[in-house]
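Worksheet: one structure, shown below.
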């Protein structure tokens with residue numbers, strides 16, 4: 001049964017969509033080598049943290065792609081044989097074809113092109129990143145009490 005969204009959740013999700021659109025415009029022209037390295041958290045030592053509203057937005061994307069993450073369905077990416085990291089900690093959204101199962105709904109941390117091989121005509125500076133993060137957290141705080149407290153993506157997503 002589909003969960004009914006409350007008006008404050010619809011408003012928060014709409015505000016996040018506007019912020020993501022603004023971020024997309026700001027990063028227009030940026031390129032990614034599509035190596036999926038950023039999706040291998042044990043390799044990079046970095047993992048996106050998600051707020052409550054980002055998780056709700058992401059769950060919409062997961063629902064549109066069948067309701068389960070690729071890892072939960074057994075169709076997720078497998079560790080690369082050339083990587084020598086003991087625990088790659090692969091993003092549960094990374095499909096076996098090395099594409100994101102919920103790309104249009106990915107959280108802020110997945111949208112910022114932090115990879116050293118990414119190229120941007122005008123990279124985000126730390127002050128700009130901080131301002132965007134503050135806005136995401138403000139939306140999340142309105143979305144749900146304590147919603148602005150981020151959690152690691154792999155712990156926030158349902159595993160089954």
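The table that follows gives values for the structure above.
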item	result
Exclusive hit being closer than 22 Å to residue 143 by Cβ and modelled with pLDDT of 85 or more, set 28, 56, 101	56
Selected residue (criterion: surrounded by the most Cβ atoms within 10 Å (Cβ to Cβ)) from residues of the stretch 44-53 that are closer than 15 Å to residue 110 by Cβ and modelled with pLDDT under 90	44
Enumeration of residues in the stretch 112-141 that are under 23 Å from residue 18 (Cβ atoms), touching a residue at least 24 places away in the same chain (Cβ under 8 Å) and either within 14 Å of the chain's Cα centre (by Cα) or crowded, with 16+ Cβ neighbours inside 10 Å (or both)	112, 113, 114, 124, 132, 133, 135, 136, 137, 139, 140
Evaluation of residue 112 against (1) in a loop (DSSP other than H, G, I, E, B); (2) at pLDDT 95 or above (one fails), failing number	(2)
Filter result for the condition that a residue is crowded, with 17+ Cβ neighbours inside 10 Å, in a loop (DSSP other than H, G, I, E, B) and modelled with pLDDT under 90, over 86, 68	68
Which numbered condition residue 79 fails, given (1) under 22 Å from residue 6 (Cα atoms); (2) at pLDDT below 90; (3) surrounded by 13 or more Cβ atoms within 10 Å (Cβ to Cβ)	(1)
Number of the exception - residue 38 against (1) at pLDDT below 85; (2) part of a helix (DSSP H, G or I); (3) more than 17 Å from residue 136 (Cα to Cα)	(1)
Subset of the stretch 143-160 that is crowded, with 19+ Cβ neighbours inside 10 Å, out of contact with any helix residue (DSSP H, G or I) (no Cβ under 6 Å at 6 or more places or on another chain) and in a loop (DSSP other than H, G, I, E, B) - its residue that is modelled with the lowest pLDDT	157
Tally, over the stretch 89-105, of residues that are touching a helix residue (DSSP H, G or I) at 6+ places or on another chain (Cβ under 7 Å), assigned to a loop (DSSP other than H, G, I, E, B) and closer than 18 Å to residue 44 by Cβ	4
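The values are calculated or read from the model by the stated rules, or taken from the named source; none is laboratory data. If you're wondering where the values come from, they're calculated on a predicted model, not measured in any experiment. Quick reminder, even Gly has a Cβ in these numbers, built from the backbone with ideal geometry, and neighbours come from all protein chains shown.
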